[in-house]
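The values are calculated or read from the model by the stated rules, or taken from the named source; none is laboratory data. As the structure is a prediction and not an experimental result, all values here were calculated from the model. So basically every Cβ, Gly included, is an ideal-geometry build from the backbone, and we count neighbours across all protein chains shown.
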Amino acid sequence: MATTTVEKSMTGQEIVDLTKKHTLFEWSAQSKVDPIPVAKAKGIHFWTPEGKRFIDFNSQLMSVNIGHGDERVIQAIYEQAQTLAYANPFMATEPRARLGAKLAEITPGDIDTFFFTNGGAEANENAIKIARFFTGRQKIMARYRSYHGATAGSISLTGDPRRWAAEPGIPGVVRVLDPYHGIERGWDSAETSLDMIEETIQLEGPHTIAAFILETVVGTNGILIPPEGYMQGVRKLCDKYGILMIADEVMAGFGRTGEWFAIDHWKVVPDLICMAKGLTSSYLPLGAVGMRHHIAQHFQDKVFYGGLTYNSHPMGCAAALATIRVYEEDRLIENAKKMGEVMKQLGAEMKAKHPSVGDVRSIGLFGIFELVRSPKTRQPMAPFNGTSEEMAALGRFFREQGLYTLVRWNTFYTNPPLCINEEQLREAFAIIDKGLEITDRAVKD
């Protein structure tokens, strides 16, 4: 008679020790890594093997938008695995067909054709390839306060310090400044910023620039919501000089800002739109680059030189279709807008109460706190690309209290799953309220 051996579940420490022994953690010196062991997750929460509960206030990497453990998506993945787990990208499958059609319904304007990738970085990689193929030009404009992914091309597009170790990177990237210049200097007007962009275009030669790629709302570089008129102005500049506008919506898309895509707030149609993360809520890896109809038509009689083994993976496509149904059935876009107003009010209360809060920014459920040592000078609580004892202590406090979020430089993020309710929001902000007492003690005046 056959016997079945059931492996004993690992403790949290055993998981951490074995993981650190045999795997590399990203963006880290391995000796400094102290990961949280995760055993299960549901809704806005996840748990360690020992049962400690965390509020997932960053949706992992701003990606589990529908919340953890939704049975509808899990069932769709299961059924697809039973039916057809994989087909190569030269074949056509029902999930691929249906997902392309569905995305054509919800993306802006006449964007109606999609190339499916493994994730956001590859979506951005393929967007710049498409722009170069279509225009015959080589240069790509990008902004300094940006992150577009860690693959060779995407990290070259990235402006923040994660790019430095990968330089010189791919040729042809031209960088421009953002409207925002940090907590001490603040914001340029849309007009001033657009004038600077146009000057850069002129100096580089408009006929050499294929595309301008930008995060519609900047993510890990500050939740930077563009001033009114900026996105419309970028669209006009791109039209004026025959430059394609690429909206990187990998983080801001799929309801995060209270619209299907952040670009919808400004009623602008980009030429190319990149997505991932919320596309499947990270239940399975999948990304996509969408393009306007006339760009897709370019490839009817010209070769698209691109491909991936897992392009249009049927299980990823099935997960995406199910995820989009959850957004619609549970009205999560509307909930993000509604709870976003609550979060904005809670943020304003924290700013009024705590002198270490230099600024709070949010749009929908996409938010950030920026901390300072002085309300007068607005000196950041930690230096650019660095940390401080106070920010480290705040991060430890959040972890001890069961609040998971990203603490980076002088900031921390408020990006919960879109299914969160007001009671849960207030529970998280009660922890934030207490934690800010740590940074308040560092304020000089």
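Name the residue that is farthest from the chain's Cα centre (by Cα), counting only residues in the range 387-415 that are within 18 Å of Arg162 (Cα to Cα) and not hydrophobic (A, V, I, L, M, F, W, C).
The selected residue is Thr387.
Filter the range 127-160 down to the residues that are farther than 15 Å from Thr200 by Cβ, within 17 Å of the chain's Cα centre (by Cα) and not hydroxyl-bearing (Ser, Thr, Tyr) and list them by number.
Result: Ala127, Arg145, His148, Gly149, Ala150, Ile155, Leu157, Asp160.
Out of (1) over 30 Å from Ala322 (Cα atoms); (2) assigned by TED's automatic domain parsing to the domain that holds Phe412, what's the single condition that is false for Glu7?
The failed condition is (2).
I'd like to know if the range 187-209 contains one or more residues that are closer than 30 Å to His313 by Cα and among the β-branched types (Val, Ile, Thr). Give the derivation first.
Residues of the range 187-209 that are closer than 30 Å to His313 by Cα, as a first pass: none.
No, the range 187-209 has no match at all.
Please verify whether Phe429 is in contact with a Lys or Arg (Cβ under 8 Å, 6 or more places away or on another chain), in a helix (DSSP H, G or I) and either assigned by TED's automatic domain parsing to the domain that holds Lys344 or surrounded by fewer than 22 Cβ atoms within 10 Å (Cβ to Cβ) (or both), treating the condition exactly as stated.
No: the conditions fail for Phe429.
Restricting to the range 255-287, what's the tally of residues that are crowded, with 24+ Cβ neighbours inside 10 Å, at negative phi and not in a loop (DSSP other than H, G, I, E, B)?
9
Yes/no per residue for (1) assigned to a helix (DSSP H, G or I); (2) farther than 30 Å from Gly136 by Cβ:
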position	(1), (2)
Val289	no, no
His294	yes, no
Gln297	yes, no
Lys302	no, no
Thr323	yes, yes
Ala336	yes, yes
Met339	yes, yes
Val342	yes, yes
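Residue by residue, here is whether (1) within 21 Å of Thr107 (Cβ to Cβ); (2) of a type in the set (D, E, K, R); (3) in a helix (DSSP H, G or I) holds:
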{"position": "Met196", "(1), (2), (3)": "no, no, yes"}
{"position": "Thr200", "(1), (2), (3)": "no, no, yes"}
{"position": "Leu214", "(1), (2), (3)": "yes, no, no"}
{"position": "Asn221", "(1), (2), (3)": "no, no, no"}
{"position": "Leu237", "(1), (2), (3)": "no, no, yes"}
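Give, as residue ranges, the strands (runs of 3 or more DSSP E) completely inside the range 17-133 that count at least 2 residues that are under 30 Å from Arg426 (Cα atoms). Full working, then the answer.
Numbers: elements: 40-42, 45-47, 53-56, 111-117.
Ranges flagged: 40-42, 45-47, 53-56.
Please enumerate the residues belonging to the range 135-159 that are out of contact with any strand residue (DSSP E or B) (no Cβ under 6 Å at 6 or more places or on another chain) and either surrounded by fewer than 19 Cβ atoms within 10 Å (Cβ to Cβ) or not assigned by TED's automatic domain parsing to the domain that holds Gln297 (or both).
Of everything in the range 135-159, those that are out of contact with any strand residue (DSSP E or B) (no Cβ under 6 Å at 6 or more places or on another chain) and either surrounded by fewer than 19 Cβ atoms within 10 Å (Cβ to Cβ) or not assigned by TED's automatic domain parsing to the domain that holds Gln297 (or both) turn out to be Gly136, Gln138, Ala150, Thr151, Ala152.
May I ask you to verify whether Phe384 is in contact (Cβ under 8 Å) with a residue 60 or more places away in the chain, part of a loop (DSSP other than H, G, I, E, B) and either under 23 Å from the mean Cα position of the chain (by Cα) or closer than 28 Å to Lys32 by Cβ (or both)?
On the way: in contact (Cβ under 8 Å) with a residue 60 or more places away in the chain: yes; part of a loop (DSSP other than H, G, I, E, B): yes; either under 23 Å from the mean Cα position of the chain (by Cα) or closer than 28 Å to Lys32 by Cβ (or both): yes.
Spelling it out, Phe384 is indeed in contact (Cβ under 8 Å) with a residue 60 or more places away in the chain, part of a loop (DSSP other than H, G, I, E, B) and either under 23 Å from the mean Cα position of the chain (by Cα) or closer than 28 Å to Lys32 by Cβ (or both).
If the requirement is being hydrophobic (A, V, I, L, M, F, W, C), buried (at least 20 other Cβ atoms within 10 Å of the Cβ) and not in a strand (DSSP E or B), which of these qualifies: Ala352, Ala392, Ala318?
Values: Ala352 fails: buried (at least 20 other Cβ atoms within 10 Å of the Cβ); Ala392 fails: buried (at least 20 other Cβ atoms within 10 Å of the Cβ).
Sole residue among the options that is hydrophobic (A, V, I, L, M, F, W, C), buried (at least 20 other Cβ atoms within 10 Å of the Cβ) and not in a strand (DSSP E or B): Ala318.
Within the range 373-380, can one find any residue that is buried (at least 21 other Cβ atoms within 10 Å of the Cβ) and in contact with a helix residue (DSSP H, G or I) (Cβ under 6 Å, 6 or more places away or on another chain)?
First, pick out the residues of the range 373-380 that are buried (at least 21 other Cβ atoms within 10 Å of the Cβ): 373, 380.
Okay, now just the ones that are also in contact with a helix residue (DSSP H, G or I) (Cβ under 6 Å, 6 or more places away or on another chain), so none.
No, there is no match, as no residue in the range 373-380 is buried (at least 21 other Cβ atoms within 10 Å of the Cβ) and in contact with a helix residue (DSSP H, G or I) (Cβ under 6 Å, 6 or more places away or on another chain).
Does Asn421 qualify as being surrounded by fewer than 16 Cβ atoms within 10 Å (Cβ to Cβ), among the polar types (S, T, N, Q) and within 26 Å of Ala336 (Cα to Cα)? Show your work before the answer.
Numbers: surrounded by fewer than 16 Cβ atoms within 10 Å (Cβ to Cβ): yes; among the polar types (S, T, N, Q): yes; within 26 Å of Ala336 (Cα to Cα): yes.
So Asn421 passes the test.
Does Val342 fit the bill of being of a type in the set (Val, Ile, Thr), surrounded by fewer than 21 Cβ atoms within 10 Å (Cβ to Cβ) and either outside the structural domain of Gly182 (by TED's automatic domain parsing) or under 30 Å from Arg441 (Cβ atoms) (or both)?
Working: of a type in the set (Val, Ile, Thr): yes; surrounded by fewer than 21 Cβ atoms within 10 Å (Cβ to Cβ): yes; either outside the structural domain of Gly182 (by TED's automatic domain parsing) or under 30 Å from Arg441 (Cβ atoms) (or both): yes.
Answer is yes for this residue.
This table checks each residue for (1) surrounded by 12 or more Cβ atoms within 10 Å (Cβ to Cβ); (2) under 23 Å from the mean Cα position of the chain (by Cα); (3) within 18 Å of Asn421 (Cα to Cα); (4) in contact (Cβ under 8 Å) with a residue 24 or more places away in the chain.
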site: Thr11; (1), (2), (3), (4): yes, no, no, yes
site: Trp27; (1), (2), (3), (4): no, yes, no, yes
site: Val33; (1), (2), (3), (4): yes, yes, no, no
site: Val64; (1), (2), (3), (4): yes, yes, yes, yes
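In contact with a Lys or Arg (Cβ under 9 Å, 6 or more places away or on another chain), more than 15 Å from Leu286 (Cα to Cα) and modelled with pLDDT of 95 or more: does that describe Phe90?
Values: in contact with a Lys or Arg (Cβ under 9 Å, 6 or more places away or on another chain): no; more than 15 Å from Leu286 (Cα to Cα): yes; modelled with pLDDT of 95 or more: yes.
No: the conditions fail for Phe90.
For the range 296-316, what are the residues that are in contact with a strand residue (DSSP E or B) (Cβ under 7 Å, 6 or more places away or on another chain) and within 21 Å of Pro108 (Cβ to Cβ)?
Selection gives Ala296 alone.
Here's a check for you: in the range 95-110, which residue that is of a type in the set (D, E, K, R) and touching a residue at least 12 places away in the same chain (Cβ under 8 Å) is farthest from Ser312 (Cα to Cα)?
Let us first name the residues in the range 95-110 that are of a type in the set (D, E, K, R), namely 96, 98, 102, 105, 110.
Applying the additional criterion that residues be touching a residue at least 12 places away in the same chain (Cβ under 8 Å) yields 96, 98, 102, 110.
Numbers: Arg96: 6, Arg98: 11, Lys102: 14, Asp110: 21 Å.
Among those that are of a type in the set (D, E, K, R) and touching a residue at least 12 places away in the same chain (Cβ under 8 Å), it is Asp110.
Given the condition of a type in the set (Asp, Glu), touching a Leu at 6+ places or on another chain (Cβ under 6 Å) and modelled with pLDDT of 95 or more, answer yes or no: does some residue in the range 227-236 qualify?
Taking the range 227-236 as the starting set, the residues that turn out to be of a type in the set (Asp, Glu) are 228.
So of that shortlist, the ones also touching a Leu at 6+ places or on another chain (Cβ under 6 Å) come out as none.
Within the range 227-236, not a single residue is of a type in the set (Asp, Glu), touching a Leu at 6+ places or on another chain (Cβ under 6 Å) and modelled with pLDDT of 95 or more.
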